[in-house]
């Protein structure tokens, strides 16, 4: 038994029928919330191209599983669990957002070594008052669509959650408390006399650190790789995503899309719930 999940902001009936025809599906099952499951597909040919044109997300699920079979879901923070890049918004308050955003984008594309990119960006924030972090959290930070619905479902199944970030503990700690997340890993930005020093304290959380944390928790909880799901959007998430049996590129850079199990370009994080019964 296999199935193809089609979902999007709006799934038109003609598009759904054409996709079912392309993959020779035997039956269409409505999942609600603009999501459908096409059972017993025979071929994958042409589906990706059609969905790209129709602005729909697709996922071929060759071996149906229950969500309850998973034990850990890991996710990046910036531009994944939340809609912003926190450091870019902090930089905006310092008047250096274009410079910092350019470095961020280059790092996410995999063009710059992540630890070096973070040091360069944080250095540009020197002298900014600590209150700027609170302003970004209170005024600009928004959860990605579907985040709370997904996390609520994971909690109901006792599936553990890990938030890993090359960003800052100031934000991950608040999100952990707000969303009842189980584990976090992130960087600590140095603050002295109420101002940012332009330095990061301790080892920088880079791609290797993210992957190591996921691996640590996977082994601690005696989970197989196939029992782990990981979300990411940038190049520094790839090593972590490789440690998961299912990886989801969420509104991601091309380098991440190419290596992920599934890509979500249009739906929210709760699109994951439609992949598994």
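Rule-based calculations on the coordinates, nothing more; no lab input. Keep in mind it's a predicted model, so treat the numbers as computed, not measured. Glycine gets a Cβ as well: all are built from the backbone with ideal geometry, and neighbour counts include every protein chain shown.
Please determine, in degrees from 0 to 90 and to the nearest 10, the orientation of helix 207-220 with respect to the longest principal axis defined by the Cα atoms of the chain, where the helix direction is its Cα long axis. Long axis of 207-220 versus the principal axis of the chain: about 60 degrees.
For the chain, what is the calculated [θ] at 222 nm in deg cm²/dmol (nearest 500), taking -39500 (n - 2.57) for each run of four or more DSSP H residues and dividing by its residue count?
-10000 deg cm²/dmol
Gap in Å between the Cα centre of the stretch 208-238 and the Cα centre of the stretch 127-203? A separation of 18 Å, based on Cα centres. Taking the centroid of alpha carbons for each part, the stretch 1-48 and the stretch 53-74 are 14 Å apart.
If both residues of a DSSP beta bridge must be in the chain, then about 50% of such bridges are antiparallel. Taking 20, 102, 230 as the candidate residues, the one with maximal mean-square fluctuation in a Gaussian network model of the chain, Cα springs under 10 Å, is 102.
The angle between the Cα long axis of helix 13-23 and the main principal axis of the chain comes to about 80°, on a 0 to 90 degree scale. Take 211-217, 9-15 and order them by the average number of nearby Cβ atoms within 10 Å per residue, most first; the result is 211-217, 9-15. Ranked by the mean number of other Cβ atoms within 10 Å of their residues, highest first, the peptides 116-128, 158-170 come out as 158-170, 116-128. Per residue, the convex hull spanned by the alpha carbons of the stretch 76-201 comes to 102 Å³. Cα extents for the stretch 1-64 along the principal axes, largest to smallest and rounded to whole angstrom: 27, 24, 16. Rounded to the nearest 10 degrees, the inclination of helix 114-123 to the longest alpha-carbon principal axis of the chain is 40 degrees. Using a Debye calculation, one point per C-alpha and no hydration shell, please list log10 I(q)/I(0) for the stretch 1-152 at q = 0.14, 0.17, 0.21 Å⁻¹ in order. After summing over all Cα pairs, the log10 values are -0.86, -0.99, -1.21.
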